[in-house]
Amino acid sequence: MNHAPRGLNRVLLVIFGLVLLAAGAAALALAFVPDLRTLWSDNAGGVVDGVDEALKAAPLGETGHSVWLLAAVAACVLLIILGLVLLSRQGGGRTKQVLRQKPNPSRTAAGAPAGGIVLDVSAANDALTEALQAHPAVLASSVTAHEHARTVTLRIATTVRTDASPGQVADTATNLVRSWNAAVGAETPAVIVINSGLRSALSSNTGRVR
Amino acid sequence: MTTHRLYTRAVRRESHSPRTLAVAIPVIVLLLVLLWAGAEIVLELLRQPALLAAPTDWTSGLAGISELDPVWLGVAGAVAVILALVLLGLGLGAGRTGKRHRIDEAAAVIVDDRVVAGSLALSASRAADIDRGQVRVTIGRSTADVEITPTSGVPVDAELIRSALMAELERFRFEPALRVAIRVNTKGTVSP
């Protein structure tokens, strides 16, 4: 449920795929079509000369180099930065605070909290995993908080035994979310993810009780 | 954003691959190539010896590609085409991760199909009174194929199993809904 730029990832995969497809097809054509080979070798020299001319046409002062080389370095640096930005954007969206309540000056009644309230995700993690552990089918669970469009969502991930009834685990977890909301006094959206992992495959205890 | 839209977004994100690894590998390769190319150009500008090939030789190198052994050129082209098709498949494919979901007002629930298969196998084995190892469940996008190997000499009531599985699925309320297809093997096995 992280904030990876999925659409962009797919667009890039398609672009890389098309470029590689074109290069591969060109190499295959050069390898197996003799006419194309002669066409390529007849014209390649002219193209190389043309490129050299273009480079010489834009000299970099008295150095004997071309301005284009400098532009190429800049382009490399720019693309490298873009690539690193893309890689760094792949995760994210996690937050540590489940609940944030600003100080409310109008609440002056005795016993009302005077300051703001910040509830850390570890509180939700401790409470919910502890409660989920009581379900016999649950092997492990963890709770994280994610923020999107200024709404914090709880993500409750549980690993269950292979013989677990997902409907039952889902009901239990949903009820726990309701209890959590009641205890905290706020409606926090929750996403419950029920998985079976390697651990559940190793710890199945099926069909032994008759 | 309403809670329901938040939930549908979460469900979509949980049930489809983000393609992080698939895009990270070509991007890292591209970064390394760019790093090398940039370094070669800078060395050329500083009139230092090249690492592998000076930028001035790049165009003539590319032009001389037709002089290469056609076999190697063909192998390289074929490898490139295969990799390209893999990338296009990853980019255009649905990338489903095999999950069911249901959205309640308190929470969205996402279940791995393997968990669903496990619970269906257990229900089927209980309904037919056979060992769990005699049931194999394969879950597709909208069907659950249940393959049952009966104990030799003990007939199995497929309809009974079907109604048990339907009841189980009815209780789940997970989407996309599953159709149950039951296949009973004609050859039985010795009960373990």
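The values are calculated or read from the model by the stated rules, or taken from the named source; none is laboratory data. Just so we're clear, the structure is a prediction, and the values are computed from it rather than from any experiment. Positions of Cβ are generated from backbone atoms using ideal geometry, with glycine treated the same way; all protein chains shown enter the neighbour counts. In case anyone asks, the SASA skips ligands and DNA or RNA and just uses the protein heavy atoms, side chains included. Shrake-Rupley method; radii C 1.70, N 1.55, O 1.52, S 1.80 Å.
Taking the helices alone, chain B has a mean residue ellipticity at 222 nm of -17000 deg cm²/dmol, built from -39,500 (n - 2.57) per DSSP H run of at least 4 residues and averaged over all its residues.
With a 10 Å cut-off around each Cβ of A:36-42, the average count of Cβ atoms from other chains is 3. A 1.4 Å probe run over chain A, with the rest of the protein chains in place, finds 56 Å² accessible per residue. Residue A:14: net charge of surrounding residues, Cβ under 14 Å, Lys/Arg +1, Asp/Glu -1, itself excluded? Counting the neighbours of residue A:14, the net charge comes to +3.
Every pair of different Cα atoms in segment B:47-135 enters the Kirkwood calculation, which places the hydrodynamic radius at 19.7 Å. Phi-derived couplings, Karplus 6.51 cos²θ - 1.76 cosθ + 1.60 at θ = phi - 60°, listed residue by residue for segment B:77-84: x, 4, 4, 4, 5, 4, 4, 4 Hz, with x used for Gly and Pro. Ignoring lysines fewer than eight residues from residue B:99 along the same chain, the ones with Cα atoms less than 29 angstrom from its Cα are A:96.
The orientation-averaged projection of the convex hull spanning the C-alpha atoms of segment B:58-192 amounts to 15.2 square nanometres. Positive-end ranking of B:117, B:154, B:190 along the dipole of segment B:116-192, with charges on Cβ about the Cα centre, is headed by B:117.
I'd like the antiparallel share, as a percent to the nearest 5, of DSSP beta bridges with both residues in the protein assembly as shown. Roughly 60 percent of the DSSP beta bridges within the protein assembly as shown come out antiparallel.
Backbone geometry of segment A:5-21 corresponds, through the Karplus equation with coefficients 6.51, -1.76 and 1.60 at θ = phi - 60°, to 3J(HN,Hα) couplings of x, 4, x, 4, 4, 5, 4, 5, 4, 5, 4, 4, x, 5, 4, 5, 5 Hz, x marking Gly and Pro.
Each semi-axis of the equivalent ellipsoid for the protein assembly as shown is √(5λ) with λ an eigenvalue of the Cα gyration tensor; in descending order they amount to 56, 35, 15 Å. Normalised per residue, the accessible area of segment B:36-77 is 61 Å², obtained with a 1.4 Å probe and no contribution from ligands, DNA or RNA. Axis of helix A:34-57 versus longest Cα principal axis of chain A: the two differ by about 90°, to the nearest ten degrees.
The charge dipole of the protein assembly as shown, taken about the Cα centre with unit charges on the Cβ atoms of Lys, Arg (+1) and Asp, Glu (-1), comes to about 1900 debye, rounded to the nearest 20.
The value of relative contact order for chain A, using C-alpha pairs under 8 Å at least six residues apart, is 15 percent.
In order along segment B:44-53, phi translates into HN-Hα couplings of 4, 5, 8, 6, 9, x, 6, 6, 10, 8 Hz, rounded to whole numbers, per the Karplus curve 6.51 cos²θ - 1.76 cosθ + 1.60 with θ = phi - 60° and x for Gly and Pro. The relative contact order of chain B, computed from alpha carbon pairs under 8 Å that lie at least 6 residues apart in sequence, is 19 percent. Close amide-amide hydrogen proximity is noted between residue A:140 and A:159, each under 5 Å apart and 5 or more residues distant or on a separate chain (H modeled in the peptide plane; Pro and chain starts excluded).
Based on DSSP H segments of at least four residues, each scored -39500 (n - 2.57), chain A has a per-residue ellipticity at 222 nm of -17500 deg cm²/dmol.
Close amide H pairs (under 5 Å, H built 1.01 Å from N) link residue B:144 with B:179, B:180, B:181, residues at least 5 positions away or on another chain.
Taking the C-alpha atoms only, the angle from helix A:121-132 to the longest principal axis of chain A is near 60 degrees. Hydrodynamic estimate: the Kirkwood radius of segment A:43-84 over Cα pairs, inserted into Stokes-Einstein at 20 °C and 1.002 mPa s, corresponds to D of 184 µm²/s. Annotation: amide H of residue A:66 within the under-5 Å range of A:60, sequence separation 5 or more or interchain, hydrogens built in the peptide plane.
For segment B:97-192, GluC sites (Glu not before Pro) meeting the loop criterion (DSSP other than H, G, I, E, B) and having at most 13 other Cβ atoms within 10 Å: B:105.
Comparing B:15, B:68, B:78 along the charge dipole axis of chain B, the residue lying farthest to the positive side is B:15, per the Cβ-charge model. Projecting the Cα atoms of B:55, A:185, A:69 onto the dipole axis of the protein assembly as shown, where Lys and Arg carry +1 and Asp and Glu carry -1 at the beta carbon, places A:185 farthest toward the positive end.
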